[in-house]
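First the structure, in the form of structure tokens, and then the observations on it.
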Amino acid sequence: VLEKKFNKNNIIVAYEPIWSIGTGKIPTKNELTKTTKYIKKILKGIFKKSPAVLYGGSVDENNVEMFKEIREIDGFLIGGASKSSKKFIDIIKNYYR
């Protein structure tokens, strides 16, 4: 799929461990750092510059501060927490704290 012709500047990759989907369990900071670095290394081999890598596993108002410390993560794909406007706003507030 990545070899087909398309605008490579419009690629964004979202990552979430399969064991995290719907469980509320999250990887450690170290696991996320290592995995995101690896993903970017592989993507850099395909593209000249690695696309943005978003993390999408159980991001909420309580753990977003830990996630923002991981420089390799370029953003977040908010799942269940986005169903509540209060929770979503709290994620944003805690990110910028």
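The values are calculated or read from the model by the stated rules, or taken from the named source; none is laboratory data. As the structure is a computational prediction, the values presented were derived from the model and not from experiment. With ideal geometry, Cβ positions are generated from the backbone for all residues, glycine too; neighbour counts draw on all protein chains shown. Heads up: the accessible areas ignore ligands, DNA and RNA and are worked out on the full protein's heavy atoms, side chains in. Shrake-Rupley method; radii C 1.70, N 1.55, O 1.52, S 1.80 Å.
Can you list which of the GluC sites (Glu not before Pro) found in segment 10-95 are DSSP loop residues with at most 15 other C-beta atoms within 10 Å?
Passing both the DSSP loop test and the Cβ count: 69.
Working with all protein chains in place, sort 47, 88 by solvent-accessible area computed with a 1.4 Å probe, largest first.
88, 47
Run through segment 1-86 and list the trypsin sites (Lys or Arg not before Pro) located in a DSSP loop whose Cβ has at most 13 other Cβ atoms within 10 Å.
Those that pass, being in a loop and sparsely packed, are 4, 5, 25, 48, 49, 71.
Too long at a 27 Å Cα-Cα cut-off: which of 44/68; 44/93; 25/87; 48/83; 25/68; 29/93?
Long pairs (Cα-Cα over 27 Å): 44/93; 48/83.
List the residues, sorted by chain then number, that are 5 or more residues from residue 55 or on another chain and whose placed amide H is less than 5 Å from its amide H.
Counting only residues 5 or more places away or on other chains, the set is 15, 74, 75, 76, 77.
FRET efficiency for residue 39 and residue 89, Cβ-Cβ distance as r, R0 = 30 Å, nearest 0.05?
Here the calculated transfer efficiency is 0.55.
Could you give the nm distance between label points at residue 52 and residue 74, where each point is 7 Å from its Cα heading toward the beta carbon?
It works out to 0.7 nm between the two label points.
With θ set to phi - 60°, apply the Karplus curve 6.51 cos²θ - 1.76 cosθ + 1.60 along segment 46-51 and write out the HN-Hα couplings as whole Hz, x wherever there is a Gly or Pro.
Rounded to whole hertz, the list is 8, 10, 6, 10, 5, x.
Using only DSSP helix segments of four residues or longer, with each worth -39500 (n - 2.57), what per-residue ellipticity at 222 nm results for the chain after dividing by its residue count and rounding to 500?
-10500 deg cm²/dmol
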